1. Return the long-range amide H neighbours of VAL14 (sequence gap of 5 or more, or a different chain), with a cut-off of under 5 Å between placed amide H atoms.
2. Please list the three semi-axes, largest first and in whole Å, of the ellipsoid equivalent to region 13-71, using sqrt of 5 times the eigenvalues of its alpha carbon gyration tensor.
3. Calculate one ³J(HN,Hα) per residue across region 29-38 by plugging θ = phi - 60° into the Karplus curve 6.51 cos²θ - 1.76 cosθ + 1.60, and present them in order as whole Hz with x for glycine and proline.
4. Quick check: residue separation of SER22 and GLU49 times 0.36 nm, minus the Cα distance between them. What number comes out in nm?
5. Under 8 Å for C-alpha pairs, at least 6 residues apart: give me the relative contact order for the chain, rounded to a whole percent.
6. In debye, nearest 20, what is the charge dipole magnitude of the chain about its Cα centre with +1 on Lys and Arg Cβ and -1 on Asp and Glu Cβ, if you could check?
7. Would you mind ranking TYR43, TYR54 by Cβ crowding within 10 Å, fewest neighbours first?
Amino acid sequence: MATALLDWSQCTSVESVPGCLSGAWVLRDTRMPISVIFENLEYGSSIEEIIENYGVTRNQIQSILDFAARSAAAPPVDPAQAIDANAF
C-alpha cells in the first residue's frame, strides 16, 4: 500500500534551509528536525518529555501534529461524483 507524503512546505511552523541539517524539515527558527518529534512519539515519549528534552514548546509540537492530521484526512467528496454505497 502506498502512503502519501506530506507537503511540509505548506506548514507554516516548519522550514527547510538548504545547507542546514541537509535541508531536513525543522521547526521554524530552530535546528530541531520534526522527524525527531515523530520518532520520539513512536518510541513512546510523551509530549511533555519531548518539551523537556529538546526545549521546544507545546504549541510547536501541536502545530506539526495538527498539520499531519489535517493532511491525512480524507479529501472532501463532491456530492455530484459520490458513489451510492447501496448500489452494490
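No lab work stands behind these numbers, since they all come straight from the coordinates. Everything quoted here is computed from the prediction, not taken from an experiment. Backbone-built Cβ (ideal geometry, glycine too); neighbour counts: all protein chains shown.
1. Amide H to amide H, under 5 Å and 5 or more residues apart or across chains, VAL14 pairs with ARG28.
2. Three semi-axes, in Å: 18, 13, 11.
3. Going residue by residue, I get 6, 9, 10, 8, x, 5, 4, 5, 5, 5 Hz, with x marking Gly and Pro.
4. Extra length from SER22 to GLU49 when fully extended: 7.1 nm.
5. In percent, rounded to a whole number, it is 20.
6. Computed about the Cα centre, the dipole is about 180 debye.
7. TYR43, TYR54
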